[in-house]
Every structure is written in structure tokens, then in C-alpha cells.
Amino acid sequence: MQPTTQAAASPAAARREENRRRHLAARLAAQGQRGPRGVAAAWWDQARAVAAAQERAGRPEAWDDLARFLENYCQRYGQ
């Protein structure tokens, strides 16, 4: 049985965070080969992942912020 203390969870959490960072960097590099569309697709996926994580952490307003940003973007460039 493994301990469930905060100290025991910290190295695992740090590994997960480092893995997420490496994955994002690799995804941005790979999608960068497609040009700005690819980079935008990678950031869109990341934005949804962040909003979902924030929702799980009890902060569902992250989706509202993302929606507001996208609404402003569409209003600016959709003219």
C-alpha cells in the first residue's frame, strides 16, 4: 500500500505537470509544421483542456472566460 500523504503526491504531481509541458511543447512543434493553423489548433485544444481542468477544480467560470474571448475574437475578425 502506498502512502497518500501530500508529500507522496507531490512528486507524482510534478511528473504529471512536466509530462503535460513536454506534451504541449511537442504538440506545438508538430503543429507548427502546418503553420499558423496548426499552432492555433494546438492552442485551441490546450484552452479546452485548461477550462476542463478548471471546471474539475471547482472553477467552471473558466469556460465563460474562454467563451467571452472567442466571442470577442469572432466579432473582431468576423467583420
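The values are calculated or read from the model by the stated rules, or taken from the named source; none is laboratory data. Please read all numbers here as calculations on a predicted model, not as lab measurements. Here the Cβ is made from the backbone with ideal geometry for all residues, glycine too, and neighbour counts use every protein chain on show.
Remark: G32 matches the filter, which requires a residue to be touching a helix residue (DSSP H, G or I) at 6+ places or on another chain (Cβ under 6 Å) and surrounded by fewer than 13 Cβ atoms within 10 Å (Cβ to Cβ). Looking only at residues of the range 35-56 that are surrounded by fewer than 11 Cβ atoms within 10 Å (Cβ to Cβ) and assigned to a helix (DSSP H, G or I), we find that the one that is nearest to the chain's Cα centre (by Cα) is R56. A search for C-beta distances below 6 Å between a residue of the range 57-79 that is surrounded by fewer than 10 Cβ atoms within 10 Å (Cβ to Cβ) and any residue that is part of a helix (DSSP H, G or I), counting only pairs 6+ apart in sequence or on different chains, returns nothing.
Every listed requirement among (1) at pLDDT 95 or above; (2) part of a helix (DSSP H, G or I) is met by R21 save one, (1).
State yes or no: is A26 under 14 Å from the mean Cα position of the chain (by Cα) and at pLDDT 95 or above? No, not satisfied.
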